[in-house]
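Scroll down for the structure; my scribbles are underneath it.
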């Protein structure tokens, strides 16, 4: 409903005509007198969760209309419109204020659908948009539809209600009603202002369908069952002790009206049935500024406190005709709440006099889905994909109190299995964006020993006397043990304990085993075996002899083989005139001539025969002694 419908009633409005909207608190504190006190009722419904967000500086947000949960449109006292496609999302989900009406106060807005919004202002103008979120250019220029003949100037439009894109009804400051079946059609598409009743000011109008429109002013309520074509004349006033300020209907069979003092709410399931069809109850010391009903759910906002300068409350009920005990009261705002629009019993959006929207929503339940493997093994990992029914992000955490032996670790959504034991993972979603925290989901994964393999390469050939350093590697990172297998022939090789050096000792088949016995986290690796064929080694003979000698002399010779095997020395047949002889390591020079000696090592199982080495000693005649 509009701003003027929330200001003082009766004759005081004439004095205030043309004055910029000052806010209900200020006006009522100055000119509107005292209020009545009623005891607050016991809560009947579970209150919505409310949060306050400033979206419009200090401008009073006069009116708000939310046709669906994905669209709210608000208008303020400075000619601006603000929109949101996610009203529960916070400040960033509201557009900045966009000026559509100069500096006039836009008193009310009604959006029957996401493709039509109709607003009215303090100078008798209507503004429309078929794309409410499209910015200033998506709104029509203000079109004057209400110039009052009595004063010769535009009249204050106080409220507007659109039952559908083809029916809108507006009310003004002097008690006139205007209707349109084509609200975007310009001034000519609106009816001439028609007086309804004798009351100077109509504060509020509500048209849930073409079959019912209701207007309140002073203590009376007028109804129309033919789209505003004709209006009932009230008999006994509904609010005989006060003045009605706001009306809200969800259907032809449910309407609520609220008074500006005494916390009075009137409810009816037969709003056209006259005063006797309405029941009255009081909530507390409140003036009622806004009503919104969807189905059987209704919400009313009002300001409480002496002089109407106190806090604001929201009253909600799913049984609005059930009396005070059927309503819940929630104090939610330190500033004066001016209007409210409910999409359903789970979402209402209110506006206040200091640029705030106050969003009430039922926290929707959510659940978490987390699929994990029941079994896994050390050294492996798994990418988990937890989801929440709300589509909000799920946080995974290792439950360290229940996880054994640091069995697992997390990096983002990837769990790595580090040790054998039990891995316990908690999945949490803390709530937000209209959702309550999800029940924690906990999953246990049994982590078994990991398998491991050994990578082990060795040369296929070797020779006696050689050696090789081998480095078998286990995939687990554990150290393999190298040993000589019993199938090794002729003690062909040895591996000292704790080393990886293989010595080739004898010709034969050297069979090596690489083993990793495992530990608490890894099973034993399959044995890997390598065979090295060790061949006989070559050998050489080291043999030196003098180049000459004399008959009767001799020399000792000691040829050696690189293998360490004994060398056989003999006189070669090419020796001339039996020049020398060999015996027990000594060569004797017997006759002048050429002494040829052969050194041989025939080899054995481990060494091939050495190449023969031959040495030649020239034996000379000994000199004669003089007598």
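The values are calculated or read from the model by the stated rules, or taken from the named source; none is laboratory data. Keep in mind the model is a prediction, meaning the values are calculated, not measured. When we count neighbours, we look across all protein chains shown, and the Cβ atoms used for this are built from the backbone with ideal geometry, even at glycine.
Computed quantities for the displayed model
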{"read-out": "Yes/no for residue 511 being more than 30 Å from residue 593 (Cβ to Cβ) and at pLDDT below 95", "value": "no"}
{"read-out": "Test: residue 373 is over 30 Å from residue 406 (Cα atoms) and not in a strand (DSSP E or B)", "value": "no"}
{"read-out": "Residues (touching a residue at least 24 places away in the same chain (Cβ under 8 Å) and farther than 15 Å from residue 440 by Cα) located in segment 377-401", "value": "377, 378, 379, 380, 381, 382, 383, 384, 385"}
{"read-out": "Some residue of segment 270-286 being in contact with a strand residue (DSSP E or B) (Cβ under 7 Å, 6 or more places away or on another chain), modelled with pLDDT of 85 or more, in the same structural domain as residue 319 (by TED's automatic domain parsing) and within 25 Å of residue 74 (Cα to Cα)", "value": "no"}
{"read-out": "Qualifying position, being in contact (Cβ under 8 Å) with a residue 12 or more places away in the chain and in a strand (DSSP E or B), among 478, 512", "value": "512"}
{"read-out": "Test: residue 281 is touching a helix residue (DSSP H, G or I) at 6+ places or on another chain (Cβ under 6 Å) and either under 17 Å from residue 327 (Cα atoms) or in contact (Cβ under 8 Å) with a residue 24 or more places away in the chain (or both)", "value": "yes"}
{"read-out": "Options 140, 69; residue that is surrounded by fewer than 19 Cβ atoms within 10 Å (Cβ to Cβ), touching a strand residue (DSSP E or B) at 6+ places or on another chain (Cβ under 7 Å) and farther than 30 Å from residue 364 by Cα", "value": "140"}
{"read-out": "Count of segment 516-557 residues which are buried (at least 18 other Cβ atoms within 10 Å of the Cβ) and either on the phi > 0 side of the Ramachandran plot or without any contact (Cβ under 8 Å) to a residue 40 or more places away in the chain (or both)", "value": "0"}
{"read-out": "Residue in segment 483-500 that is in contact with a strand residue (DSSP E or B) (Cβ under 7 Å, 6 or more places away or on another chain) and over 30 Å from residue 608 (Cα atoms) present", "value": "no"}
{"read-out": "Filter pass, residue 300 being within 18 Å of residue 221 (Cα to Cα) and either within 41 Å of the chain's Cα centre (by Cα) or surrounded by 23 or more Cβ atoms within 10 Å (Cβ to Cβ) (or both)", "value": "yes"}
{"read-out": "Residue match in segment 43-56 (condition: modelled with pLDDT of 85 or more and within 26 Å of residue 143 (Cβ to Cβ))", "value": "yes"}
{"read-out": "Out of 130, 192, 201, sole residue that is surrounded by 23 or more Cβ atoms within 10 Å (Cβ to Cβ) and at negative phi", "value": "201"}
{"read-out": "Enumeration of residues in segment 383-409 that are crowded, with 16+ Cβ neighbours inside 10 Å, assigned to a strand (DSSP E or B) and within 21 Å of the chain's Cα centre (by Cα)", "value": "387, 388, 396, 398"}
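Rundown of residues vs (1) at pLDDT 95 or above; (2) assigned to a strand (DSSP E or B); (3) in the same structural domain as residue 390 (by TED's automatic domain parsing); (4) within 28 Å of the chain's Cα centre (by Cα), yes/no style:
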residue: 416; (1), (2), (3), (4): yes, yes, yes, yes
residue: 419; (1), (2), (3), (4): yes, no, yes, no
residue: 424; (1), (2), (3), (4): yes, yes, yes, yes
residue: 427; (1), (2), (3), (4): yes, yes, yes, yes
residue: 439; (1), (2), (3), (4): yes, no, yes, yes
residue: 442; (1), (2), (3), (4): yes, yes, yes, yes
